[in-house]
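The values are calculated or read from the model by the stated rules, or taken from the named source; none is laboratory data. If you're wondering where the values come from, they're calculated on a predicted model, not measured in any experiment. Cβ placement follows ideal geometry from the backbone for every residue including glycine, while neighbour counts extend to all protein chains displayed.
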Amino acid sequence: MSKSPPIRYAIYTRQSKQGLADFSSCQAQFHTCQEYAKQSGEPSLYWTGQHFEDEGYSGSTLDRPGMRRLRKVIDLGALDRVYAVAFDRITRNMHDAVVLLNEFEKAGVELCLVHQPELTSAPQNRFLRYMLAAFAEFEREMIASRIAETRAYLKRHGRRLAGKVPYGYDADPTTKQLVKNKSEARRVRAIFRRAANGQTPSEIARRIDHLGWRTKQWTSRQTDEVASGGRWTARQVISLLRNPVYLGQFSDGDSTRPGCHEAIVAPDLFDAANRQLDSRRSAGASTRHRRDFPLRGKIICPKCKRPLSSYVITKKQGPQTQRILRYYRCRSTAGGRPPCKGVSYPAWEIENFVRQQLGEEATWAELAASAPSKASIQPMATLWQSLDELSQMQVLPRVVEQIEFLRKNTVIQITFDNRLHDILIDCNYAVYASVM
């Protein structure tokens, strides 16, 4: 009697928000699927040891690390069955449901749902699965609507929405709103007085570090570990001095909104400190050069591994002419460490190199190997070349994630955004529409 071939299965889990362990956590979903598979009693059932997990990812898109790996394994024909607790763990988007079910059917992979075991892969159940996907999408949209309504209510009543608790305050355990931390509040006022009296942010950072003051400690919701609590930098001092939270307000886009928390700094002291900051800035410098550095914050220092900052040198070439030289340079003082000496690169050379790489078919051929849709990415070099140089430079910040120098600065390693294909399609369409 011939032995039946093994049914190779894997488990997929997803949780929208990372948090403490509960029944909806990925680990709980995994154990539920594993127990369900064992109780099926199928002797040929064989677990491949693969658990595809997407913790902290929304079901509104298929662009999730675990889902991408699962689809790749299915495409290679390495699975016969996939277990999940429910269909909304797989996707909450109707269009994506159609795509996934077609891929599963084409590869001969069975989708087993623990909480909906009656919905097998039989053709008569396909319609019911699509109905589940439609309900999951509707539920997601209702949740988004409720969240938007809640945020609007909190804004109208001066409440805090989210984010890290600023230095000088603590979060009320019950309401999550800001309450003054008396010892930190005294230090905040001292920093503002120093700034108002003319001390630079660098001088303030050095002085308060000498006094043993440390930045705000906070606990990561993902790892439950205590972070920060380090030495102050000039940039952190500037961020504190610019924050309207100390006036009893919250930032709201380009403006502010009233808050219900107690102010720490008087308006005249806040204005005096910020006038001192403004007096040291060249008029319009931040906006004048921001658009000239499309790779700002994306190039990693080969020595300290911190992001390089932008740097501008203006050289006069006559009474009415000047030349502006742009560089990416290690100027960071993050972590209390000084900048690395000799790490400086001409901005135009790096930007032009990256821009040219995207115009090479070899670059896109390499990207196609890891793309979800291999066929659609091939003509992208031609699409990139159809953009003018200005448009290409404007797109660079969106498509490039990180740039590193290898082998003593002779080799550049570029990491592109995994949504590169869709971003480029959108940008090309926008440029095309603008000339119609």
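Being surrounded by fewer than 11 Cβ atoms within 10 Å (Cβ to Cβ), modelled with pLDDT of 85 or more and outside any loop (DSSP other than H, G, I, E, B) is true for just one of D278, D268. Which residue is that?
D268
Between H115, H51, which is under 24 Å from I7 (Cβ atoms) and modelled with pLDDT under 85?
After applying the criteria, what remains is H115.
Please specify each residue of the stretch 28-71 satisfying the condition of being among the acidic types (D, E), outside any strand (DSSP E or B) and farther than 14 Å from Y9 by Cα.
Correct list: D63 only.
Kindly indicate whether A381 is more than 24 Å from L70 (Cβ to Cβ) and modelled with pLDDT of 75 or more.
no
Restrict the check to the stretch 15-22 and report whether at least one residue is hydrophobic (A, V, I, L, M, F, W, C), modelled with pLDDT under 90, under 18 Å from L113 (Cα atoms) and assigned by TED's automatic domain parsing to the domain that holds G108.
Applying the first criterion (hydrophobic (A, V, I, L, M, F, W, C)) to the stretch 15-22 yields 20-21.
Subsequent filtering for residues that are modelled with pLDDT under 90 retains 20-21.
Going one step further and asking which of them are under 18 Å from L113 (Cα atoms), we end up with none.
No; the residues of the stretch 15-22 include none that is hydrophobic (A, V, I, L, M, F, W, C), modelled with pLDDT under 90, under 18 Å from L113 (Cα atoms) and assigned by TED's automatic domain parsing to the domain that holds G108.
Quick one: in the stretch 338-378, of everything that is acidic (D, E) and in a helix (DSSP H, G or I), which residue is modelled with the lowest pLDDT?
Checked the stretch 338-378; the qualifying residue modelled with the lowest pLDDT is E366.
Looking at the stretch 87-96 only, could you name the residues that are crowded, with 21+ Cβ neighbours inside 10 Å and within 17 Å of R69 (Cα to Cα)?
Answer for the stretch 87-96, where residues must be crowded, with 21+ Cβ neighbours inside 10 Å and within 17 Å of R69 (Cα to Cα): R89, I90, T91.
Would you point out the residue of the stretch 46-63, among those that are among the acidic types (D, E) and within 23 Å of D80 (Cα to Cα), that is surrounded by the fewest Cβ atoms within 10 Å (Cβ to Cβ)?
Looking at residues that are among the acidic types (D, E) and within 23 Å of D80 (Cα to Cα), I get D63.
Find the residue count for the stretch 65-80, including only residues that are buried (at least 20 other Cβ atoms within 10 Å of the Cβ) and of a type outside the set (V, I, T).
Residues meeting the conditions: 4.
Quick check: anything in the stretch 178-195 exposed (fewer than 14 other Cβ atoms within 10 Å of the Cβ), small (G, A, S) and in a loop (DSSP other than H, G, I, E, B)?
no
Filter the stretch 296-306 for residues that are of a type outside the set (A, V, I, L, M, F, W, C), surrounded by fewer than 18 Cβ atoms within 10 Å (Cβ to Cβ) and within 23 Å of the chain's Cα centre (by Cα) and give the result. Show your work before the answer.
Of the residues in the stretch 296-306, the ones of a type outside the set (A, V, I, L, M, F, W, C) are 296-298, 302-303, 305-306.
If we keep only those that are surrounded by fewer than 18 Cβ atoms within 10 Å (Cβ to Cβ) as well, we get 296-297, 302-303, 305.
Selection gives R296, G297, P302, K305.
List, please: which pairs have Cβ atoms under 9 Å, are six or more places apart or on different chains, and start with a residue in the stretch 254-277 that is farther than 18 Å from K182 by Cβ and end with one that is modelled with pLDDT under 90 and aromatic (F, W, Y)?
T256/F250; R257/F250; P258/F250; G259/F250
Just one of Y167, Y153 is touching an Asp or Glu at 6+ places or on another chain (Cβ under 9 Å), farther than 22 Å from E55 by Cα and at pLDDT 60 or above; which is it? Steps first, answer last, please.
Details: Y153 fails: touching an Asp or Glu at 6+ places or on another chain (Cβ under 9 Å).
After ruling out the rest, the residue left standing is Y167.
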